[in-house]
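Student: Below: one structure in structure tokens.
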Amino acid sequence: MAVLDHLRELRRRVVIALLIIAVGAIAGWVFYDPILRFLEHPYCSVPAKHRFPGTETGGCHLIYNQVLAGFTTRLKVSFIAGAVLTGPFWLYQIWAFVTPGLRKNERKYTLIFICGSTLLFVAGVSLAYVVLSKGLRFLLGAAGSGTQALLTVDSYLSFVTLMLIVFGVSFELPLIVVMANLAGVLPGRWLRKSQRIAIFLIFLFAAVATPSTDPFTMCAMAVPMTVLYEAAVLFAVVHDKRKAKRKAEAKANAVEDDDLDVPSRIDPIPQPIDEIT
């Protein structure tokens, strides 16, 4: 295809992806209330004495203090929910644009990368949702007794979204290590030697990246990341050993093939038959 044809194809794929996300955003707008209840659940699990109860006994309410805040919050939640719910469909548009330019083995590795990254991202987001309630309990309870949190819906949803994204992206680390090893950039021998430094950097990253800054959330991110990193290092070591073994076997076969090309030694002066017998 010519350059202009590639650009037209890219434009068509982008337009289709945006339309898919728009349809998902409409669905998110319709089901906004259950989605908001789902996102509010970690906050509502905090003891009632630390959160704003509203007019109800033991109630759970987020507030907004601007006229347009409620409308913009609904738009934001609808768009994010639409992008998440329709993720496989608009990701396929990107895949359909990239695939024709790849070789067969490159398509296989790319498909593995996409599936692996999606599963790891979902795992990170799920873990973040589980630990959110404990992190909020620690943060809201740190103010002491006799205090209550008066959270705005916009600030709370921004906090929750950031937590989910940070956890999801951080869980991509082992996949990046594996792909770098397959590309020959990070050998398993080097990864095994630098494990202590890597674990220290993982905990340092978790301490800086987690928006809640509490030790429980930091450990909830750092420990699974460490386990996944160790699994990636083990994969890299095993892969390098198998690769070295295949190279050694190929070299040995090449040497044997070279021996077949060496001419046999022939005595230029033939011996008499009686001497041979």
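The values are calculated or read from the model by the stated rules, or taken from the named source; none is laboratory data. Only a predicted model underlies this, so the values are computations on that prediction, with no experimental measurement involved. So basically every Cβ, Gly included, is an ideal-geometry build from the backbone, and we count neighbours across all protein chains shown.
Student: Pairs please, first residue from the range 120-142 and in a helix (DSSP H, G or I) and among the polar types (S, T, N, Q), second anywhere and surrounded by 15 or more Cβ atoms within 10 Å (Cβ to Cβ) and modelled with pLDDT under 85, Cβ atoms under 7 Å, 6+ apart in sequence or on different chains.
Tutor: Note: pairs meeting the criteria are Ser133/Val46.
Student: Continuing with the same structure: Look at the range 132-148 and say how many of its residues are of a type in the set (Lys, Arg), under 24 Å from the mean Cα position of the chain (by Cα) and surrounded by 18 or more Cβ atoms within 10 Å (Cβ to Cβ).
Tutor: 0
Student: Turning to a different aspect of this structure: Only one of Gly144, Gly168, Gly188 is closer than 28 Å to Leu39 by Cβ and touching a helix residue (DSSP H, G or I) at 6+ places or on another chain (Cβ under 7 Å); which?
Tutor: Gly168
Student: Can you tell me which condition Ala180 does not meet? The list is (1) farther than 30 Å from Gly70 by Cα; (2) surrounded by 15 or more Cβ atoms within 10 Å (Cβ to Cβ); (3) touching a helix residue (DSSP H, G or I) at 6+ places or on another chain (Cβ under 8 Å), and all the others hold.
Tutor: Checking Ala180 against (1) farther than 30 Å from Gly70 by Cα; (2) surrounded by 15 or more Cβ atoms within 10 Å (Cβ to Cβ); (3) touching a helix residue (DSSP H, G or I) at 6+ places or on another chain (Cβ under 8 Å), the one that fails is (3).
Student: Has the range 150-158 got any residue that is surrounded by 14 or more Cβ atoms within 10 Å (Cβ to Cβ), aliphatic (A, V, I, L, M), in contact with a helix residue (DSSP H, G or I) (Cβ under 8 Å, 6 or more places away or on another chain) and under 18 Å from Ala222 (Cα atoms)?
Tutor: Among the residues of the range 150-158, not one is surrounded by 14 or more Cβ atoms within 10 Å (Cβ to Cβ), aliphatic (A, V, I, L, M), in contact with a helix residue (DSSP H, G or I) (Cβ under 8 Å, 6 or more places away or on another chain) and under 18 Å from Ala222 (Cα atoms), which makes the answer no.
Student: Given the structure, is Ala206 modelled with pLDDT of 85 or more, hydrophobic (A, V, I, L, M, F, W, C) and part of a helix (DSSP H, G or I)?
Tutor: It is true that Ala206 is modelled with pLDDT of 85 or more, hydrophobic (A, V, I, L, M, F, W, C) and part of a helix (DSSP H, G or I).
Student: If you don't mind, another one. Check Phe89, Phe71, Phe38 and return the single one that is aromatic (Phe, Trp, Tyr), surrounded by fewer than 16 Cβ atoms within 10 Å (Cβ to Cβ) and in contact with a helix residue (DSSP H, G or I) (Cβ under 6 Å, 6 or more places away or on another chain).
Tutor: Phe89
Student: Then there's this: Being under 15 Å from the mean Cα position of the chain (by Cα) and at pLDDT 90 or above is true for just one of Val227, Val169, Val178. Which residue is that? Explain how you work it out, then say what you get.
Tutor: Details: Val169 fails: at pLDDT 90 or above; Val178 fails: at pLDDT 90 or above.
Criteria check complete, one pass: Val227.
Student: Is there a residue in the range 149-165 that is over 18 Å from the mean Cα position of the chain (by Cα), farther than 30 Å from Val67 by Cβ and either at pLDDT 85 or above or part of a helix (DSSP H, G or I) (or both)?
Tutor: No; the residues of the range 149-165 include none that is over 18 Å from the mean Cα position of the chain (by Cα), farther than 30 Å from Val67 by Cβ and either at pLDDT 85 or above or part of a helix (DSSP H, G or I) (or both).
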